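Visitor: Quick one: this structure, given as structure tokens, is what I'll be asking you about.
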Ligand code: 1PR
């Protein structure tokens, strides 16, 4: 039996799933007394430092936690569960942490994208049981904007490089805490957790730690999911968003099975898009929640889910907020949610009013679950123009002129799966959504979707240059060389593909093999 501290702020499902996969029975801590009684405690922190400390205070967990941490009993902190051990954080000035380790938590001061999202390496600084059996060149999944800065090196277990070197794990007697998420770090993460649970393994420094760690470019498999005409939930795939062939919805497989296959093949993340959720209410769509629940029990890389995340009034007049919809997805095993149509409408409102309301789905979900949990999925298509002055949009000079020889184009945002074009360009959308608190942009392209002709590099560059959050390049991958092209001709942090993986034309392993020694990737 292992105790897990769930202070109610976020998704602890994936940690529970990982522990259960390793054969543990998980007891959720719900009072200070439960903390006192625990023999081994896992603390997965989610959200923001200030909100976390407030909840810990309200629930009267603070003194129980401090006592537990001083007792010498095993403790594993993850992400904010590491930061909580320090004295204070720049994220919440004036609010004290648990002060078990001298030092503070600082925001990344880098030119690179913040949050630091993705798979990065570790440099091990002192022997640790949790590394038993590891080579040292494994990568782990990070997602954070703040990092710990201990006052001395005494308790530093690992460091990681992200423009500069930061502390990515600490060890003090039986207290271990990592900035990265072992529960989302595939087989390496599970092995590390298993070592902690066993608590009897020899402490080692792995032999092959890199001198400098590098954030890997991520390869993401995307599953567009919808109900077909027979009522089955299937993975489908469109050509420029048209998913029907001879009148029927293309059926490329079952969502849970395909996700499992991509995990085994080495996908760094898996994205589900519920592509018809704009017309249905997703909380009624229980099969989709079930897909997430079943997938997250066996897939230990980040899962994103999109489709239908917006405020909603059902036929009986009952109101649901987008936050409630998102919360249900998080509870079912999602690590991030993605917002498509609603992001366009929110941006239009912000531009019209000249200010934000603080109440949009993006702001509300980012406040509770953190910026990194909010992905904006953009569905743009090219609109050609003769001159940049002819429209009030961010235009680019294109190397691929339009049908009438037009030299310029802008990227028009659409809603409802490309069915409705709006008077808004993708660059403006990305900038406004970043300001509202989005953590990442999933950049599709209707012109390229399903064409196998390569990513729209011009689109990716113009959006990437406009924001500092990570950008996932999507649409058009047709072969392994397209991945190399997108990572060398743009600064995109990740590349997503669907069709070539579903049709088994190219496997994720083959993509990574091709990129080996050309682009930093994660090896399983
Ligand atoms: O608007 O918040 O309800 O979210 C709906 C979501 O569903 C959006 O993220 C939107 O992108 C997606 N969506 C809606 N309709 C379709 C469709 O195809 N008819 N799919 C759709 C979007 C695009 C990518 C695709 C890549 C890679 N699919 O996700 O996987 O283009 O494809 P490729 O590698 O085969 O070229 P909301």
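The values are calculated or read from the model by the stated rules, or taken from the named source; none is laboratory data. Source: prediction; values computed, not measured. Glycine also receives a Cβ, built like all others from the backbone with ideal geometry; neighbour counts cover every protein chain displayed.
Visitor: Among the listed residues 262, 241, identify the single one that is within 13 Å of the ligand (Cβ to nearest atom), farther than 29 Å from residue 421 by Cα and either surrounded by fewer than 20 Cβ atoms within 10 Å (Cβ to Cβ) or touching a residue at least 12 places away in the same chain (Cβ under 8 Å) (or both).
Guide: The match here is 262.
Visitor: Quick check on region 203-224: of everything there that is surrounded by 23 or more Cβ atoms within 10 Å (Cβ to Cβ) and within 26 Å of residue 16 (Cα to Cα), which residue is farthest from the chain's Cα centre (by Cα)?
Guide: 223
Visitor: Just give me the residues in region 496-522 being over 14 Å from residue 269 (Cα atoms), part of a helix (DSSP H, G or I) and near the ligand (Cβ under 10 Å from one of its atoms), in sequence order.
Guide: 499, 500, 502
Visitor: Hey, could you check region 21-43 for residues that are in contact with a helix residue (DSSP H, G or I) (Cβ under 6 Å, 6 or more places away or on another chain) and assigned to a helix (DSSP H, G or I) and say which is surrounded by the fewest Cβ atoms within 10 Å (Cβ to Cβ)?
Guide: Among residues in region 21-43 that are in contact with a helix residue (DSSP H, G or I) (Cβ under 6 Å, 6 or more places away or on another chain) and assigned to a helix (DSSP H, G or I), the one surrounded by the fewest Cβ atoms within 10 Å (Cβ to Cβ) is 36.
Visitor: Filter region 384-408 down to residues that are without any contact (Cβ under 8 Å) to a residue 40 or more places away in the chain and closer than 30 Å to residue 371 by Cβ, then give me how many there are.
Guide: Matching residues across region 384-408 total 3.
Visitor: Collect the residues in region 210-230 that are part of a loop (DSSP other than H, G, I, E, B) and modelled with pLDDT of 95 or more, keeping them in residue-number order.
Guide: Residues satisfying the conditions are 210, 211, 212, 213, 214, 215, 216, 217.
Visitor: Does residue 477 satisfy the criteria of being in a strand (DSSP E or B), within 13 Å of the ligand (Cβ to nearest atom) and crowded, with 24+ Cβ neighbours inside 10 Å?
Guide: No: the conditions fail for residue 477.
Visitor: May I ask you to verify whether residue 416 is surrounded by fewer than 20 Cβ atoms within 10 Å (Cβ to Cβ) and more than 11 Å from the ligand (Cβ to nearest atom)?
Guide: no
Visitor: Right, here's the next one. Which residue, of 98, 82, is crowded, with 18+ Cβ neighbours inside 10 Å and in contact with a strand residue (DSSP E or B) (Cβ under 7 Å, 6 or more places away or on another chain)?
Guide: 82
Visitor: I'm told residue 65 meets every condition in (1) at pLDDT 95 or above; (2) surrounded by fewer than 22 Cβ atoms within 10 Å (Cβ to Cβ) except one. Can you identify the failing condition by its number?
Guide: Checking residue 65 against (1) at pLDDT 95 or above; (2) surrounded by fewer than 22 Cβ atoms within 10 Å (Cβ to Cβ), the one that fails is (2).
Visitor: Here is a follow-up. Pick out, from region 351-468, the strands (runs of 3 or more DSSP E) lying fully within it that include 1 or more residues that are more than 28 Å from residue 111 (Cβ to Cβ).
Guide: Where strands (runs of 3 or more DSSP E) fall fully within region 351-468 and carry at least 1 residues being more than 28 Å from residue 111 (Cβ to Cβ), they are 381-385, 408-415, 420-425.
Visitor: Which condition does residue 227 not pass, out of (1) in contact (Cβ under 8 Å) with a residue 24 or more places away in the chain; (2) crowded, with 19+ Cβ neighbours inside 10 Å; (3) within 14 Å of the ligand (Cβ to nearest atom), if it passes all the others?
Guide: The single condition residue 227 does not satisfy is (2).
Visitor: Taking the options 349, 342, name whichever one is within 22 Å of the chain's Cα centre (by Cα), modelled with pLDDT of 95 or more and surrounded by fewer than 24 Cβ atoms within 10 Å (Cβ to Cβ).
Guide: After ruling out the rest, the residue left standing is 342.
Visitor: Of all residues in region 480-495, which are part of a strand (DSSP E or B) and away from the ligand (no atom under 12 Å from the Cβ)?
Guide: 494 - this is the single residue of region 480-495 that is part of a strand (DSSP E or B) and away from the ligand (no atom under 12 Å from the Cβ).
Visitor: Does residue 233 count as touching a helix residue (DSSP H, G or I) at 6+ places or on another chain (Cβ under 9 Å), farther than 24 Å from residue 133 by Cβ and either modelled with pLDDT of 95 or more or within 16 Å of the ligand (Cβ to nearest atom) (or both)?
Guide: Yes.
Visitor: Right, here's the next one. In region 244-254, how many residues are in contact with a strand residue (DSSP E or B) (Cβ under 8 Å, 6 or more places away or on another chain) and within 13 Å of the ligand (Cβ to nearest atom)?
Guide: 3
Visitor: On to the next question. Out of all the residues in region 277-336, which are away from the ligand (no atom under 15 Å from the Cβ), without any contact (Cβ under 8 Å) to a residue 60 or more places away in the chain and within 21 Å of residue 118 (Cβ to Cβ)?
Guide: Within region 277-336, 295, 299 qualify.
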